Structure formats: structure tokens, C-alpha cells
Amino acid sequence: MAKLIVENNGPLHGIVEISGAKNAVLPLMAATLLTDEKCSINGIPDLTDVFVMKDMLTSFGAKVKAEKDDNGISRIDVQADDITNIRGSKELVSEMRASTMVMGPLLAKCGRCVMPLPGGCAIGSRPIDLHLKGFKALGVTVIENSDESVISLVTYAEGLKGDIIYLDFPSVGATENILMAATLAKGTTVIENAAKEPEIVDLANLLNKMGAKIKGAGTDTIRITGVDKLHGAVHTVIPDRIETATFMLAAAITRGKILIKNAIPGHVRPIIAKLKECNVDVEIVDEGIYVNGANKELVATDIKTLPYPGFPTDIQSPFMAFLTTVDGESKVKETVFENRFMHVNELNRMGAKISTRDREAFVHGNTKLVGAKVRATDLRAGAAMVLAGLVAEGVTEISEIYHIERGYENFTKKMKNLGAKIERVVEEGDKVERHVGI
Ligand code: UD1
């Protein structure tokens with residue numbers, strides 16, 4: 001298995017360019033199934049999850065071409081004019097939960113699909129009941145097989161019919177799946193208590209370019225007037241706000257100075273606010289976001305994860321790594337996922353003093369981190385381990401880094417460019433592994 005070896009090399013300095021957003025690109029790719037015409041998506045990040053989605057689209061008969069232009073920016077062209085299969089691969093769904101994002105487009109386009117259920121994962125049992133609730137309201141019959149590992153979804157003979165759907169929780173995936181399905185439904189669909197993440201807005205922008213009639217994306221009420229047909233479109237994915245926040249924290253934890261280019265400040269407001277509470281200087285400049293962790297004594301703060309525009313759960317673990325290094329006690333409350341403190345044990349192995357009770361973690365600041373053998377217990381926890389390794393005394397060896405490679409493009413290279421001492425080591429006989437995704 002490949003590993004990352006990280007050593008403290010002092011404060012990070014320099015410029016980093018943010019890649020296209022993983023969580024935006026996956027639904028954008030799924031949306032291309034909705035039309036027979038060619039769609040092109042630019043700014044695709046080079047990530048394992050993107051390749052899983054590419055394999056998924058291909059498995060349905062879509063023609064997918066991935067290309068790089070002169071600037072090195074990847075583009076994906078998809079043409080789904082001949083869908084020959086509506087059965088999702090068990091292997092691909094088990095590798096990446098977001099592959100269930102194809103359900104909405106397949107139902108809208110083909111009237112049915114068969115999907116293996118994604119099952120639980122490291123950060124809690126993650127059901128898809130809200131996706132199914134939405135589909136049922138649009139007229140889909142859900143048939144579970146006896147061992148409940150596969151579901152068949154079938155629409156009315158005349159297709160999907162719009163309705164009012166209230167989500168009990170503003171689930172990102174459920175909002176995206178229902179949004180895509182509703183574009184081709186008869187009549188109007190209203191999603192109430194919808195997720196408001198920037199990735200939802202990006203998806204709605206692509207769908208509207210394809211001829212859909214969507215209003216209100218980015219608010220808690222999205223209104224979709226169904227159309228008969230969608231057409232091809234060209235779109236560029238938004239920058240990754242979680243990668244942006246991770247590099248903001250890299251500057252903060254190493255007390256360095258990093259200019260983050262191709263970042264949208266409005267997408268990382270809670271991170272800017274919380275870093276400022278800790279005394280980190282954050283400036284919005286013409287080129288992006290400038291973070292300076294070197295100016296003052298840094299102090300503790302409390303964080304509570306929430307759906308957007310609240311503090312993102314995906315930055316909870318990297319922020320916690322940072323909080324171990326500042327003065328004072330911090331409380332971290334996780335409200336989005338039921339079991340997202342797996343990184344606490346790993347940080348404690350590095351000398352952190354963090355205790356947990358239910359969904360709260362109590363971080364004792366100013367601890368001296370020391371290098372250890374730790375695991376990337378999920379994608380973002382992997383980033384947290386790298387951040388901790390950047391300031392720990394001695395050598396930090398991070399295993400299970402396939403998690404990191406699912407979601408961070410060229411992470412090692414970008415870190416090295418900023419002065420980090422980090423190496424990806426592959427031992428002889430290693431094979432590439434792909435695992436369940438967030
Ligand atoms: C997406 C992101 C992930 C991020 C998460 C929350 C992608 C590919 N992944 O995941 O990085 O951490 O949003 O910001 O975009 N839930 C239900 N029933 C459902 C659906 C969700 O109970 O049908 C629960 C989940 O178990 C979880 C919470 O709702 O506790 C949030 O899940 P959701 O917003 O759906 O996250 P994902 O779309 O899976």
C-alpha cells in the first residue's frame with residue numbers, strides 16, 4: 001500500500017492553485033446522462049472518484065472521452081445517446097457512494113434503474129431514504145430485493161410527475177438526485193428544505209444551460225419546471241472549497257503565508273471567520289485568498305459543523321488538527337454525520353490531547369505533536385494527518401492514502417511547492433486500491 005511520509009520543514013510559503021471541486025464534478029458528470037447530445041465539462045480534477053464516475057457512465061453505454069488541453073486542464077466529453085444498461089455496478093457503488101447520483105438521471109431518461117445500495121461507511125450509516133422519498137413523490141415505485149442490497153426503481157409508464165418534496169434534512173445528494181430527475185418530469189417540482197451548497201448551484205447552472213428550468217438553487221426552496229428534452233452544453237466546474245480550506249489551514253498550522261489562487265472567498269466564509277477568531281490573518285485579495293499564520297499568537301475557538309452556509313463537516317478534521325496547536329481549549333461539535341471522529345485516535349497517537357463525548361470533541365491546545373504511524377481514516381481525515389505531520393517533531397507515516405487521492409488533486413506536489421517535506425512511497429508489490437467514498 002502507498003504511504004505518505006511527512007516531516008516538519010517549517011512554515012509553508014508560496015502560491016497554490018485550487019483545482020475543480022470533486023463534489024461538484026461528480027453530479028455534473030451524472031447530469032450528462034440526461035441528454036442524447038454531447039456535454040463537455042472543463043476543469044475536471046484528476047481524482048480517483050472522477051475515474052469511478054467515468055467508469056460508471058461508460059457502464060451504461062455512454063461514450064466518455066477525457067482530455068487535457070494545452071494548459072493541462074482536463075476536460076471530459078460525454079455523449080449518452082445510446083444507454084444500453086440501467087443496472088449500476090455493485091463494485092463501483094461500493095467504491096464511491098456518490099455513484100448513486102446516476103439514479104435521478106437514469107429515471108428521468110430511461111424510466112427505470114437498478115442500483116446496489118451503498119451501505120454504511122466509516123463516517124456513520126449513510127442511508128439514501130431522502131433520495132427515495134423524493135423519487136417516490138415524483139411517481140417512482142421502489143422495489144427492494146429480499147436481502148435489501150439492491151433496489152429497482154421504476155417510473156409510471158408516462159414518466160415522472162412533478163410534486164412538492166420536503167426534505168427532512170437538507171441532504172446534498174438527495175437534493176442533487178431529485179433536482180436532476182425533476183428536470184424531465186411533467187409539471188412543476190418544488191424541493192423544500194433543499195441543500196444550499198455551492199455544488200448544488202453549479203449543478204443547476206449546468207442543467208439550465210442544458211435547457212432545464214430551475215429557479216432558487218442556492219436557497220432552501222428550488223422550483224423546477226419540467227421540460228420534454230435537454231440538450232448538450234459546455235460547462236466549467238467551480239473551484240474546490242474544501243481544498244481551498246485545507247490549504248488555508250496549511251498556512252495556519254505551520255504559521256506560514258500562502259496565497260490561494262482560483263478560490264471563491266464567498267464559499268469559505270465560515271473558515272475565514274473561524275481562522276480570524278483564532279487570530280490568523282486572512283485577506284481577500286485580487287488573486288484569491290491570502291492567509292498569514294505568522295503574525296500573532298494563535299488562540300482556541302469552538303466549531304460546530306452544519307449544512308451550508310454553516311461550517312463544513314468536511315473541514316472538521318483538518319481544523320481540529322490545527323486547534324491542537326493553538327493556545328487554549330476548543331470544543332468541536334459534529335452535527336452532520338453520526339460518527340466522524342475517527343481521526344481523534346490518530347491525532348492522539350501523535351501526542352494530541354483530544355477527548356470525545358457523543359458528537360463533541362474537546363481539544364486541549366498547545367500540544368507538541370510528534371511523528372507516528374497513523375491512518376487516513378477517511379478522505380478529509382487523511383488531509384488532517386498531513387497537516388499534523390507538517391508540524392510534528394520527527395517522521396509521520398500515513399497509510400491508507402487512497403482516501404486522500406480520491407479527493408485532492410496533486411496533493412503531494414502542491415504541498416511540496418509550498419516547501420513541505422512530503423513523499424509518496426510505494427512499496428514493491430503494491431497494487432492501486434480504491435475504496436468506499438464520501
Ligand atoms: C455530500 C458530500 C460530502 C459532504 C456531505 C455533507 C459529495 C459527493 N459528498 O455527501 O463530502 O461531507 O455532502 O456536506 O457531494 N442522510 C440521510 N438520508 C439520506 C441522505 C443523507 O439520513 O437519504 C444523512 C446522512 O447520513 C448524513 C447527512 O444526511 O448524516 C448528510 O448527508 P448528505 O448531505 O446527503 O451528504 P452526501 O450527499 O452523502
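Compute the Cα gyration tensor for the stretch 147-285, then decide on rounded, prolate or oblate, letting a ≥ b ≥ c be the square roots of its eigenvalues: rounded whenever a/c is under 1.5, prolate when a/b is larger than b/c in the other cases, and oblate in all that remain.
In terms of gyration-tensor shape, prolate.
If neighbour count is taken as other Cβ atoms inside 10 Å, put TYR166, TYR408 in order from fewest to most.
TYR166, TYR408
Any of LYS3/LYS68; LYS209/LYS416; LYS133/LYS229; LYS3/LYS196; LYS196/LYS261 with alpha carbons more than 30 Å apart? Name them for me.
LYS209/LYS416; LYS3/LYS196, as the Cα separations exceed 30 Å there.
Can you sort ARG357, ARG87 so the residue with the fewest Cβ neighbours within 10 Å comes first?
ARG357, ARG87
How would you rank ILE44, ILE5, ILE191, going from fewest to most other Cβ atoms within 10 Å of each one's own Cβ?
Going from sparsest to densest Cβ surroundings: ILE5, ILE44, ILE191.
Is the stretch 214-367 rounded, prolate or oblate when judged by the Cα gyration tensor, a ≥ b ≥ c being the square roots of its eigenvalues, rounded requiring a/c under 1.5 and prolate requiring a/b larger than b/c?
oblate
Relative to the first principal axis of the alpha-carbon coordinates of the chain, what is the inclination of helix 48-59, with its axis defined by its Cα atoms, in degrees from 0 to 90 and to the nearest 10?
That helix lies at roughly 10 degrees to the long axis.
Is the shape of the stretch 1-115 rounded, prolate or oblate, going by the alpha carbon gyration tensor and its root eigenvalues a ≥ b ≥ c, with a/c under 1.5 for rounded and a/b larger than b/c for prolate?
prolate
Please give me the summed charge of the neighbours of THR254: other residues whose Cβ is under 13 Å from its Cβ, Lys and Arg +1, Asp and Glu -1.
Value of the local net charge: +2.
Where the Cα atoms of the chain are projected onto their three principal axes, how long is each span, largest first, in whole Å?
64, 49, 42
What's the local net charge at GLY382, with K and R +1, D and E -1, over the other residues with C-beta under 10 Å away?
-1
Check cross-link reach from LYS331 to the lysines: straight Cα distance under 17 Å, and skip same-chain residues fewer than eight apart.
Straight-distance partners of LYS331: LYS274, LYS276, LYS304, LYS353.
Tally Lys/Arg at +1 and Asp/Glu at -1 over every other residue whose Cβ is under 12 Å from the Cβ of VAL64; what's the total?
+2
Per DSSP H run of at least 4 residues, take -39500 (n - 2.57); add these up for the chain, divide by its residues and hand me the 222 nm value, nearest 500 deg cm²/dmol.
So the calculated ellipticity at 222 nm is -8500 deg cm²/dmol.
Principal axes first, then extents: for the Cα atoms of the stretch 22-236, list largest minus smallest coordinate on each axis, whole Å, largest first.
46, 37, 33
Show me the GluC sites (Glu not before Pro) within the stretch 95-198 that DSSP assigns to loop and that have at most 13 other Cβ atoms within 10 Å of their Cβ.
Sites meeting the loop and neighbour criteria: GLU148, GLU158.
Restricting attention to the alpha-carbon atoms of the stretch 324-438, what are Rg (one decimal) and Dmax (integer), both in Å?
14.7, 45
Does anyone have the angle between helix 241-254 and the longest principal axis of the chain? Alpha-carbon axes, 0 to 90°, nearest 10?
0
Need one number: nm distance between label points at ASN410 and GLU423, each 7 Å from Cα along Cα→Cβ, rounded to one decimal.
2.2
Taking the stretch 233-279, how much of its Cα-Cα pair set, in percent, is spaced more than 15 angstrom apart?
That tail contains 46 percent of the Cα-Cα pairs.
Each reported figure results from applying straightforward, stated rules to the coordinates on display, with no laboratory input. Keep in mind the model is a prediction, meaning the values are calculated, not measured. With ideal geometry, Cβ positions are generated from the backbone for all residues, glycine too; neighbour counts draw on all protein chains shown.
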